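Shown next, in structure tokens, is the structure this report addresses.
The values are calculated or read from the model by the stated rules, or taken from the named source; none is laboratory data. Small disclaimer: the values here were computed from a predicted structure and weren't measured. As a convention, Cβ positions derive from the backbone with ideal geometry for all residues, glycine included, and neighbour counts pool all protein chains shown. SASA here: full protein model, heavy atoms, side chains in, ligands and nucleic acids out. Shrake-Rupley method; radii C 1.70, N 1.55, O 1.52, S 1.80 Å.
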Amino acid sequence: MKVDGIPYRTIWLKPGDARVVQIIDQTRLPHAFEVVDLHTVQDICSAIRDMTVRGAGLIGACAAYGMYLATLEAPESGFTDFMARAGAALKATRPTAANLAWAVDRMAQAINSGTAPDQQRTIAREAAQAIADEDAEYCRRIGVHGLPLIAALSRRKLGQTVNILTHCNAGWLAFVDGGSATAPIYAAHDADIPVHVWVDETRPRNQGASLTAWELGQHGVPHTLIADNAGGHLMQHGLVDMVITGADRVTRNGDVANKIGTYLKALAARDNEIPFYVALPSSTLDFSLHDGIANIPIEERDADEVRFMTGLTAAGTVECVRICPATTPARNWGFDVTPARLVTQLICERGLCAATEDAILSLFPEHR
Ligand code: MRU
């Protein structure tokens with residue numbers, strides 16, 4: 001992905017100082033583009049918890065780099081205990097996205113294959129880099145597998161613009177590069193297929209308005225920001241050809257946890273016979289769960305994220321304002337679960353599949 005023409009990933013080791021992890025501060029976008037240095041596993045935990053970095057794939061990669069930084073901090077005596085505590089702290093930062101615990105476990109396994117701290121530090125750096133590279137590569141492949149879906153709709157519309165609705169940000173900012181839901185969109189745009197994206201603002205944190213709109217603009221993809229509740233109306237009037245969202249955790253039977261509000265879009269899509277696709281890398285699949293509604297932990301965040309909004313004033317300063325009476329109570333669930341029956345297909349790095357246990361396991365037979 002390019003920012004003002006310069007290629008970026010969302011996370012990397014500082015050139016010339018591999019003891020520092022660098023990230024883009026997503027709480028400052030779209031009003032400022034700032035790179036932040038992270039030095040310790042504690043810095044990484046804070047960045048994930050306060051959503052300086054966010055998005056399922058990126059918090060997985062960030063946690064992997066957190067494990068690497070932990071190997072640099074861990075004392076020679078007590079190395080194993082320190083690493084166990086670091087892994088637990090990272091896993092406790094955010095509960096819903098499967099990628100985070102998956103990355104910590106994969107890092108722990110790699111680090112435990114070493115026999116001495118020095119060797120384990122090298123293993124950890126290489127393993128974190130591998131997770132980041134794999135995340136970017138899997139997003140690229142999701143784009144390859146999703147592109148024909150958009151191309152087919154374009155042919156059916158005789159080359160007229162394909163209108164795609166997306167929710168939240170499952171773009172390159174939510175991963176190391178490329179994105180999941182956006183990967184087929186970028187691939188179609190790059191193949192000169194006319195596409196236009198309806199961007200849900202995605203209250204309460206407005207990842208659609210702040211992040212998806214920003215990155216689609218950086219890539220030159222035509223898009224329009226809409227209020228969260230507009231999608232159903234647009235679908236009823238033939239203005240949406242398909243929905244593509246990302247996912248934070250998908251169970252082995254195809255239930256999808258994604259940003260709060262996704263379920264309502266899936267219901268509206270079904271009622272209007274509009275295909276509803278979910279794009280995800282396999283690190284988002286949780287093969288241990290069979291029932292998303294009963295079993296996926298749903299993060300509840302600070303109610304002030306609902307009661308307050310942040311934006312740019314006419315004077316050019318970023319300010320936070322309260323949008324309700326001072327004493328109004330609020331609740332803030334971060335995610336909801338879309339039952340598998342409402343999902344047309346999953347778009348994974350290995351290809352497309354129905355949101356059913358059989359189809360998912362056909363694509364990932366090693367989890368049978
Ligand atoms: O709370 P966030 O911003 O970390 O939520 C994650 C999301 O952006 C969405 O749910 C997204 O569609 C899945 S992440 C690829």
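Normalising the Debye intensity of the chain to I(0), with uniform scatterers on Cα atoms only, and taking log10 at q = 0.06, 0.10, 0.14, 0.15 Å⁻¹ returns -0.21, -0.61, -1.18, -1.34. Which net charge results for the neighbourhood of residue 225, defined as the other residues with beta-carbon distances under 10 angstrom from its beta-carbon, given Lys and Arg at +1 and Asp and Glu at -1? Taking every other residue near residue 225 into account, the sum is -2. Accessible area per residue was computed with a 1.4 Å probe on protein heavy atoms; residue 234 scores about 20 Å².
Each part gets one Cα centre, and for segment 39-59 versus segment 147-164 those centres are 37 Å apart. In the chain, the portion of solvent-accessible area held by carbon and sulfur atoms comes to 52 percent [1.4 Å probe, whole percent, DNA, RNA and ligands not counted]. When the trypsin sites (Lys or Arg not before Pro) in segment 80-160 are filtered for DSSP coil states and for at most 14 other beta-carbon atoms within 10 Å of their beta-carbon, the remaining sites are 157. Partner aspartates and glutamates whose Cα lies under 17 Å from the Cα of residue 157, excluding those fewer than 8 positions away in the same chain, are identified as 192, 241, 273. P(r) for segment 2-134, from all Cα pairs and a bin width of 5 Å, is 2, 11, 23, 24, 20, 12, 5, 2, 1, 0 %, short bins first. Scattering from segment 39-106 was approximated by placing one identical point on each alpha carbon and applying the Debye formula without solvent; log10 I(q)/I(0) at 0.21, 0.24, 0.25, 0.28 1/Å stands at -0.74, -0.94, -1.02, -1.24.
Antiparallel beta bridges, as assigned by DSSP with both residues in the chain, represent about 55 percent of the total such bridges.
Solvent-accessible surface of the chain, taken per residue with a 1.4 Å probe and all protein chains present: 41 Å². Separation of segment 9-28 from segment 341-368 is 33 Å, based on Cα centroids. Taking GluC sites (Glu not before Pro) across segment 5-112, the ones in a DSSP loop with at most 11 further Cβ atoms lying within 10 angstrom of their Cβ are 76.
Accessible surface comparison of 322, 252, probe 1.4 Å, protein chains only, largest first: the order is 322, 252. Assuming charge only on the beta carbon of Lys and Arg (+1) and of Asp and Glu (-1), the dipole of segment 2-134 about its Cα centre is about 300 debye to the nearest 20. With contributions of -39500 (n - 2.57) from each DSSP H run of at least four residues, the per-residue ellipticity at 222 nm computed over the chain stands at -12000 deg cm²/dmol. Listed by chain and number, the lysines whose C-alpha is less than 21 Å from the C-alpha of residue 2, apart from same-chain residues fewer than 8 away, are 14.
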